[in-house]
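Please read the structure below before turning to the comments.
The values are calculated or read from the model by the stated rules, or taken from the named source; none is laboratory data. Owing to the predicted nature of the structure, the values given are computational and were not obtained by experimental measurement. Because the Cβ atoms are built from the backbone with ideal geometry, glycine has one as well, and the counts that use them run over all protein chains shown. Ligands, DNA and RNA are excluded from the accessible area calculation, which covers all protein heavy atoms including side chains. Shrake-Rupley method; radii C 1.70, N 1.55, O 1.52, S 1.80 Å.
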Amino acid sequence: MKVILTEDLRGTGKKGETVDVKEGYGRNYLIPEGLALPATASNQKRFENIIKNLQDKKGRVLKAAGDIKEKLEEISLVIKKKAGADGKLFGSVTHKDVADAVKEAVGIEINKKGVRIDEPIKSTGSHTLEIHLEQNVTAVVKVEVEKKD
């Protein structure tokens, strides 16, 4: 049975693809759940328009992500954490701390899962890390960790 996927499905295909699935899987699960449409000529034409709109939207999203990347790379984030006399933090800087600092500094909310910290930040000073914004758009951000009074 040929169906057009309306959602990304792991192991089956991506949104907008026409795939061949087993009869029961398509009829009993994909179509009733709204995850796919039967691959008829009218559905094909309708989905071509939807795919074109999705590509336009994806282009706008990538452009916006590029603008956000430029903003993030221009600034240095400041995170204040409790630390000992030798500059060693009580705990470490987390993904959530970085996401909150970005929201405070730039006013843009980012997903904390997109923050990539290679090694735990457990000391005050200057550090660099990556923030994944969109597919193939990653910003390298400078983070200044300061002692909180």
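Values computed for the structure shown
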{"quantity": "For the chain, the longest site-free run once GluC sites (Glu not before Pro) in DSSP loop states with at most 16 other Cβ atoms within 10 Å are removed", "calculated": "34-108"}
{"quantity": "Cα long-axis angle, helix 41-74 against the chain (0 to 90 degrees, to the nearest 10)", "calculated": "10 degrees"}
{"quantity": "Cβ-defined net charge surrounding residue 101, 14 Å radius [Lys, Arg +1; Asp, Glu -1]", "calculated": "+2"}
{"quantity": "Using alpha-carbon coordinates, inclination of helix 95-106 to the longest axis of the chain, degrees", "calculated": "80 degrees"}
{"quantity": "Check: segment 1-69 dipole with +1 on Lys, Arg Cβ and -1 on Asp, Glu Cβ, in debye", "calculated": "260 debye"}
{"quantity": "Nonlocal amide H pairs with residue 16, under 5 Å, H built at 1.01 Å", "calculated": "5, 6, 7"}
{"quantity": "Cα centroid separation, segment 13-75 to segment 130-149 (Å)", "calculated": "30 Å"}
{"quantity": "Potential lengthening between residue 75 and residue 135 on full extension [0.36 nm per residue; Cα-Cα distance subtracted]", "calculated": "19.4 nm"}
{"quantity": "Residues whose placed amide H lies under 5 Å from that of residue 116, excluding near-sequence neighbours", "calculated": "130, 131, 132"}
{"quantity": "Total formal charge among the other residues, if their Cβ is under 15 angstrom from that of residue 83, Lys/Arg +1 and Asp/Glu -1", "calculated": "+2"}
{"quantity": "Solvent exposure of segment 103-149 as accessible area per residue, Å², 1.4 Å probe", "calculated": "71 Å²"}
{"quantity": "Amide H contacts of residue 78 (H built 1.01 Å from N, under 5 Å, at least 5 apart or other chain)", "calculated": "144"}
{"quantity": "Expected 222 nm ellipticity per residue - DSSP helices of 4 or more, -39500 (n - 2.57), all of the chain, to 500", "calculated": "-11000 deg cm²/dmol"}
